[in-house]
Amino acid sequence: MATKSLHKRENELAQAQKQLDFLSNGIFKNGELPTFKEKIAETKQFPLTPKKLEILQLNLGYMCNQVCEHCHVDAGPDRKEIMTKETMQQCLEVIKNTKAHTLDLTGGAPEMNSNFRWFVEEASKAGIQDFIVRSNLTIIRANKKYYDLPEFFKKHNIHVISSMPHWTPGKTDKQRGKGVFNASIKALQELNAVGYGMPGSNLRLDLVYNPSGAFLPGDQKALENEFKKALQDNFNIQFHNLFAITNLPISRFLDYLIASDNYEDYMYALVEAYNPVAVANVMCTNTLSVSWDGWLYDCDFNQMLELKVASKIQHISDYNEELLQQRNIIISQHCYGCTAGAGSSCQGTVA
Amino acid sequence: MAKTYYDPADLRKFGSITEWNEELGNKFFDYYGKVFEEGTLTAREKSLIALAVAHTEQCPYCIDAYTKDGLQRGITKEEMMEAVHVGAAIKGGATLVHGVQMMNKVNKLEM
């Protein structure tokens, strides 16, 4: 189990360019596998362009109380990149005027940003339809100052989406750190206690499943049924939906794939499972991602690879939705992760 | 030619058997796909049966494929090992039950 980020370890894969170089060489350079561009061109889907903007995703910072093995953000306690109040204010201006119906706060652990609560209070005034906070669950139990988060979320009608790699402790702790399973269970019970995730409740609680290794997620509905049964039977926990998300070959997961000699097999599996129907609905076509320092990206993955939007407008301070919607989406081989099988996005499958 | 009988990369090329006999190859893969669909047995149950048989057949390709398939379905390693023991028990039992044949023969031949 890692305890430090790639950045802190000064691992060369902490550099976005090194990751992009790796993903463009080897099996993709020698023609063994088609590049993502070649693949989507086969079905005349290149260049990839945005459809109607639906989701504005803000990354409030890379600091996190966990150091998960697969983290594409390379988040951890040692990351100091945090969104400032000034950038938040710029975001609020955009939130007031955007046509997007969903605001999605992520991190790191977004709750660790010292202006998190102020920002949620301000943003909720804009009356956005679906206000998501991606909470890692353990943060709720990490420190007394976070114990009231379930009530805070409820007060602002926040839609909570949380990660849970398995319904057994072994797999969860191996991926996310020792003790994470028990803390997550406790946090889920507390969320249930205030009404989150209960049948018919408007307080939405969804779980995210990431495979705990070099394999793709199985059928989302079948996994949801397994999770629901196990969590209900063993811990009396309820939740609404499970989103099965494929691990993309970037950052710490890429490092793991290479170190465990699984990289080529994993890329083969992604390419073999390529689904053109998923391409049509891939999340970068309806989402804009904003980094902690206000730069704009096609998705959170491109943010981590430092691939800013291909537009004259690249920063939240110059935000112009109409102009941004005219851009082409930047792609590379990591995009195969969103188009495998039933597809993958922050909202689960797409095909 | 490879210097070993088995190459893990060959598993990816399984589909290419249709190149030398498209009709039979396609019929096999259609049948194969149908077998593993949800039916009276769940796809999950079928995956565990396949894993047990993969071991009794001692097919390294099948072991690779159905271990990964199990992980994708969220099947735990404890469940997988129990399935392998089911295969091993049948294999062991199949050996031992032939002991009755040996006993019959001894009883017939001995005075």
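Can you tell me which residue in the range A:174-186 is farthest from the chain's Cα centre (by Cα), limited to those that are within 14 Å of chain B (Cβ to nearest Cβ) and not aromatic (Phe, Trp, Tyr)? It comes out as A:174.
Within the range A:137-154, can one find any residue that is in contact with a strand residue (DSSP E or B) (Cβ under 7 Å, 6 or more places away or on another chain) and more than 17 Å from residue A:297 (Cα to Cα)? Looking for residues that are in contact with a strand residue (DSSP E or B) (Cβ under 7 Å, 6 or more places away or on another chain) and more than 17 Å from residue A:297 (Cα to Cα), one finds at least one in the range A:137-154, hence yes.
Against the definition (away from every other protein chain (no Cβ under 14 Å) and within 19 Å of the chain's Cα centre (by Cα)), how does residue A:289 come out, yes or no? If you could, list the steps in order and put the result at the bottom.
Working: away from every other protein chain (no Cβ under 14 Å): yes; within 19 Å of the chain's Cα centre (by Cα): yes.
Here the answer is yes, as residue A:289 does meet what is asked.
Check every one of the helices (runs of 4 or more DSSP H) wholly within the range A:150-240 and list those with 2 or more residues that are modelled with pLDDT of 95 or more. If you could, list the steps in order and put the result at the bottom.
Numbers: elements: A:169-176, A:180-193, A:220-235.
By residue number, A:180-193, A:220-235.
Across the range B:11-25, the number of residues qualifying as of a type outside the set (A, V, I, L, M, F, W, C) and surrounded by 13 or more Cβ atoms within 10 Å (Cβ to Cβ) comes to 3. For the range A:203-242, filtering for residues that are within 13 Å of another protein chain (Cβ to nearest Cβ), closer than 30 Å to residue A:19 by Cα, surrounded by fewer than 21 Cβ atoms within 10 Å (Cβ to Cβ) and among the aliphatic types (A, V, I, L, M) leaves 1.
Looking at the structure I just gave you, is residue A:282 over 16 Å from the mean Cα position of the chain (by Cα) and either of a type in the set (A, V, I, L, M, F, W, C) or away from chain B (no Cβ under 14 Å) (or both)? It is false that residue A:282 is over 16 Å from the mean Cα position of the chain (by Cα) and either of a type in the set (A, V, I, L, M, F, W, C) or away from chain B (no Cβ under 14 Å) (or both). Residues that are assigned to a loop (DSSP other than H, G, I, E, B) and closer than 21 Å to residue A:44 by Cβ were ranked within the range A:243-279; the one that is farthest from the other protein chains (Cβ to nearest Cβ) is A:275. Here residue B:10 meets the list (1) free of Cβ contacts under 8 Å to residues at least 40 places away in the same chain; (2) within 14 Å of chain A (Cβ to nearest Cβ) almost entirely, failing just condition (1). Would you call residue B:68 within 12 Å of chain A (Cβ to nearest Cβ), at pLDDT 95 or above and within 17 Å of residue A:268 (Cβ to Cβ)? Criteria met by residue B:68. Selection of the range A:315-339 for residues being aliphatic (A, V, I, L, M), surrounded by fewer than 21 Cβ atoms within 10 Å (Cβ to Cβ) and under 17 Å from residue A:36 (Cβ atoms) yields A:329, A:330.
The values are calculated or read from the model by the stated rules, or taken from the named source; none is laboratory data. Given the structure is predicted, the values throughout are model-derived calculations rather than measurements. Using ideal geometry, Cβ is built from the backbone for each residue, glycine included, and neighbour counts are taken over all protein chains shown.
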